[in-house]
Structures are given as structure tokens and as C-alpha cells.
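Presented below is the structure to which this report refers.
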Amino acid sequence: MATENRIHFWRRNAKVPGRYPKDTKPKFNNLKSKKASSFHEFARSTNDAWDIDDEEDEDFLGIPAPTTSLPSSGVHSMPVQMQEQNQAGDADSRTSHGPGSEAQNLQDVQEDEEADCEPVNGKVVKSNSEAHLGSSSVRSTLQKQQSLPVRPIIPLVARISDQNASGAPPMTVREKSRLDKFKQLLASPNTDLEELRKHSWSGIPKEVRPITWRLLSGYLPANKERRELVLKRKREEYFGFIEQYYHSRTDEHYKDTYRQIHIDIPRTNPLIPLFQQPAVQEVFERILFIWAIRHPASGYVQGINDLVTPFFVVFLSEFVTEDVENFEMAALPLETQRNIEADSFWCMSKLLDGIQDNYTFAQPGIQNKVKALEELVSRIDEDIHNHFKKYEVEYLQFAFRWMNNLLMRELPLRCTIRLWDTYQSEAEGFSHFHLYVCAAFLIEWRKEILSMIDFQGLLMLLQNVPTIHWGNEEVGLLLAEAYRLKYTFADAPSHYKR
């Protein structure tokens, strides 16, 4: 329904950002519009409408929304809708679909079109809102659509389950052998972490992923006898922080921090029902607020909210057999919910300890990594590098998000979880190996990049890479290429290596 509303909104309303009303459209002396081929031309030909006040900000602060002359169809909340569309576009890359979903989507589109028709005297005609569209405007719309990159049809409900979940073929002999090896390592009195990393690099079986992630992140000790005691102590410590600090979220000093967290949480994985549950959003708010006030050098920065989700999903999957994305968090015992929350907090904290310079003032870690990616790509694939220079595409314009969100906006969540199996197996997976994964990810789209011959097309491709159908096999190939690049260009870039 939300998709239908968005489609109809853009189709029916003239007062949208970047579009002139009919009576105020300026004259250009019949000059033909030129397609923007560089950033400067693109910027000159684009009107920015992102400075409209955010309705959520006003609600949070208790400020009444100003009245406008825009239609009552929801235009007054345009910034929120546009951001949700952006987030949904990002979340496209974090979803998957089951067999037959593409046909179902085509059927849904046909039903939407039929719903727009009304019977009149036994004949079916377009509804009033559609009737004014002539054939010329339809042709114009089609021409504009054909000039944009093709986006895959995706299901509204995101699928984050492993590909070997319910309904898949039985476990192969090799998979069973790997699982047995993991169980053997985890059951030993002192787990050999180096051996565990070696086996985890190529993926961790779902059944043992939660305990393996706790060990590889450094949250749990290798000594088996000490694990329960450490878990109990750390979980109590986290909820001690909640009792001590969480009430201060409304204090003047922390109000802005909590406000930003409160705004960002609903935008985290907006197409996955699990993350839209109030109970889950409250968990994320507590985790992020406590982390922010315990790390004043950086505080909360947008993007950190995404980093909680893989840990939360993995630790939740320990108690859920059905589809995680549709699971009701409130169905779990309160003690289990508290344990998932505390474990997610500590594992996210361990991750951020290694990349905190990504989120300190001016984010120097990200700046350095983007520069390192540019230098690395110039050595790996000079054609791509020169292509970007020709059309004035700066690496910062697309790679900033790759570094800030660790490719979570570019990959389905199931792929991120598989990627993090390897990151946690590497000595500096999140801080160093990620650079080579980004380089391999860029080269993966070499053909599409070189076929784009304008700035706008390149940027749209790089910000909306079509990974919706990716699974473990594609991630495995990406990691293999990143591993090759790491050892082929081990001495570069020198200023990035620490």
C-alpha cells in the first residue's frame, strides 16, 4: 500500500521538489536541455529541496508543524517521505526474495493499475486523478523512465534468512563435517581462536554463529568454564549503565544526542517488520544512547545505528526457528530479550573500538580510507579511475557511505552477516580488510561503470548497486577477490597501513 501511495503521489502532484508548477515554469528560449555530463553541470541544473523542515524533528521537539498551501495528500511531510524512499532504496540492497516473488510483484502492479480504473456505464475508464493524462505525457514519462537505470522488482518484506534455512535441501556431507568441526572447537576446554578464525573465514554455520561471533569479537573468553560467569557479569554491567545513565537522555546536555538517535532508529531497515516493532526500536535506542555517552570523543554519529543490526539478528536467531524478519520480539521471555540486548551492545562496542576514528570529529578515519580506496583503485584498474576523473566523480561521493556503514546499505542483510563472518576472522577485518572488499566491490561493476557516460548515471549506479539477489556465493567470490587484492597490493597504500 505504501508503494502504491508513493507511486500515485509522484504521478499526481505537480508541487514536488525539482518540478516547476505549470504557471511558473520559466522560459528557456526553446533551448534543448543538455544531459549533465559532469558534477558542475549536474549541480547547476538541479534544484535542491532538502532544506525543508523535518516533520519528525518538529514532533520530537513539540513544535507544531507550519501550515502550507500544499495539497492534503501528504505533501507536507515530503522530507520524511523522500528520506524514507532513500532509505527504502538503500534497503533494497538488503532484501532478498523467494521463488515466484517477481511474478507476484508483476501481478501486484497489474492489480494496482486495475484499481485505478472505474466502471462507467459498463465500461472501464481511468479514475479522475488519471483521466487528465494524455498520451503525450505518458510517452514523456516512459522516455524519462527509460533514461534511468533499471531497478529490480523486489518484495516489500525483506528476507534476511540464510539461504540454507527452512525449505532448502538437507545439509550436505561437507556442511555437516564443517559444523561438527566447529562444535568440536567450541566444546574444547580452551577454544583455539586461531583455528576458529581459520574455519570461520569461509563462513560460519548458522547453528553456531552466535557463540562464534561472541568469541571472535573478544566478548567471551576462550576458556569454556569462564564463559557463563563473564556473560552474567557483562550483562549485569550493561543494565547497570541503563539504570545509571538512561534517564539522562532528556537532560539538556544529552537531549540532542537522544533526539538524533530517536529520529534515525525508524529509518533503520525500514522494509523489515522486525525493526519497526516498538520493543525493538527501544532496544536500539538504549544501546546507541549508552554507547554514545560512554564514548564522548565521538558520541553518536549517523550510520552507527546500522552496525547494531547484524549482531541483534544473529543473537535473536539463537532463539527463533521461523523467519526472523517477521518475528514478534515480545514473544520471547523478558530475560532472553535482555540478554540479546546486552550481547548486541558489547559486541558492537568491540567492533567500534577498532574503527572509532571513523566517527570522531570530521571523521578522519573515513577520509583516510576513501583516499586509500582511490589510490588503490588507480593501481588496480586505471580505466575505472580515469573514467571517474573524466566525469568528475569524486570517490567521497559514493565511498563515504561504503566506509561509514561498512557496505550495509549496498548489500542485503543476509550478505552482511556472511561478510562479517570473514571480517571477524581477519585480524583487522573491519578496519583494514574492508578497504580491499570495497575495491573488489567496485571492480565487480566494472562493465556497468564504464558504460555510463555521464556524472548523474555514474552516481546513481554507485549509490544503488543491484545486489538484491546476492547470496553466499556472490559474497564468497567478493571476499576471494578482496583476499587476492590484499596480498597483491600489500604495500599499497602505504599511508593507510598502520
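The values are calculated or read from the model by the stated rules, or taken from the named source; none is laboratory data. Everything numeric in this text was worked out from a predicted model, so none of it was measured. In this analysis, Cβ positions are derived from the backbone assuming ideal geometry, glycine residues included, and neighbour counts consider all displayed protein chains. These accessible areas exclude ligands, DNA and RNA; they are computed on the full protein's heavy atoms, side chains included. Shrake-Rupley method; radii C 1.70, N 1.55, O 1.52, S 1.80 Å.
A full extension of the chain between residue 474 and residue 336 corresponds to an added length of 46.3 nm, given 0.36 nm per residue minus the alpha carbon distance. Quick one: go through the stretch 201-229 and flag any residue whose amide nitrogen is under 13 Å from the point 7 Å out along the Cα-to-Cβ line of residue 356. Label zone hits: none. Take the Cβ atoms of residue 279 and residue 371, set R0 to 45 Å, and the FRET efficiency comes out at 0.60. Applying a threshold of 31 Å to the alpha-carbon distances of 181/232; 181/369; 255/389; 350/486; 224/255 flags 181/369; 255/389; 224/255 as lying beyond it. Taking a point 7 Å out from the Cα of residue 489 in the direction of its Cβ, the residues of the stretch 444-467 whose backbone N falls within less than 13 Å of it are 444. In the context of the full set of protein chains, the stretch 248-390 has a per residue accessible area of 39 Å² (1.4 Å probe). Rolling a 1.4 Å probe over the protein chains gives residue 258 an accessible area of about 30 Å². Given R₀ = 41 Å, what would the calculated FRET efficiency be for residue 239 paired with residue 446, taking r from the Cβ atoms and rounding to 0.05? For R0 = 41 Å, the calculated efficiency reads 0.25. As an exercise, use a Förster radius of 51 Å and the Cβ-Cβ distance of residue 188 and residue 392 to find the FRET efficiency, rounded to the nearest 0.05. The pair residue 188/residue 392 has a calculated efficiency of 0.35. Shown for the stretch 172-231: the carbon plus sulfur share of the solvent-accessible area, taken with all protein chains present and a 1.4 angstrom probe, equals 54%.
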